[in-house]
1. Taking Cα atoms, how many degrees apart are the long axis of helix 44-55 and the longest axis of the chain, rounded to 10 and kept between 0 and 90?
2. Angle check, please: helix 59-73 long axis (alpha carbons) against the longest principal axis of the chain (alpha carbons), in degrees 0 to 90, nearest 10.
3. Relative contact order (percent) for the chain, with alpha-carbon contacts under 8 angstrom and 6 or more residues of separation?
4. For Val77 and Ile26, what does the FRET efficiency come to when R0 = 41 Å and r is the distance between their Cβ atoms, rounded to the nearest 0.05?
5. Compute the angle between helix 136-155 and the longest alpha-carbon principal axis of the chain, please, reported from 0 to 90 degrees and rounded to the nearest 10.
6. Can you check what the net charge comes to around His104, using other residues whose Cβ is under 15 Å from the Cβ of His104 (Lys, Arg +1; Asp, Glu -1)?
7. Sequence gap of 8 or more, or different chains, plus Cα separation below 25 Å: how many lysine pairs satisfy both in the chain?
8. Within 10 Å of each candidate Cβ there may be at most 11 other Cβ atoms; applying that plus a DSSP loop requirement, which GluC sites (Glu not before Pro) in the range 78-134 survive?
Amino acid sequence: MKRILHETIDGVEHRWCSACKVMHPITEFSASSKEWDGLQHVCKVVRAAEYRKYYDVGVRSLWNREYLLRTKYGLTVEQFDAKLEAQGGLCTICKENPAVAIDHDHDCCPGRYSCGKCVRDILCNRCNGGYFGDDIGLMQRKIDYILHWRESQKVV
């Protein structure tokens, strides 16, 4: 028996959701360049539930955090947490925003990955990206931060 994937009901085009086995209006499906009709094969409600299940705090997200810290920055979760606690949870440069971005020396490891030896501190997104606007004081603190780190590497 052949399943109908598309059908017009009351003048509105519907599509079959392969997960919940129900016809939904096509507005309930996200776009997909991989599908023959340009729509995902599962509805937005099912897709959202899948994402929540995948990203909820649990084994998968903890494993993902551990994996990313290890592969991208050469850090363990314990090392990261200790560094974050030593900083009081705030950005090393501005001391205002939550520290969320791991900073490393791009002269040692250009690109997005670090060997782990050149990890400096954890910064906020603004200070890590250099979005200081006209705040000369903040720019100077970033310069001092980098110079201090480079000097400490020469001593070692």
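Derivation of every value follows stated rules applied to the coordinates shown; laboratory data play no part. In this text, all values refer to a predicted model and were calculated from it rather than measured experimentally. Positions of Cβ are backbone-derived with ideal geometry, glycine not excepted, and every protein chain shown enters the neighbour counts.
1. In the chain, helix 44-55 runs at an angle near 30 degrees to the longest axis.
2. With rounding to tens, the tilt is 40 degrees.
3. With pairs under 8 Å counted, the relative contact order is 12 percent.
4. 0.45
5. For 136-155 against the chain, the angle is about 70 degrees.
6. +4
7. 24
8. Answer by residue number: Glu96.
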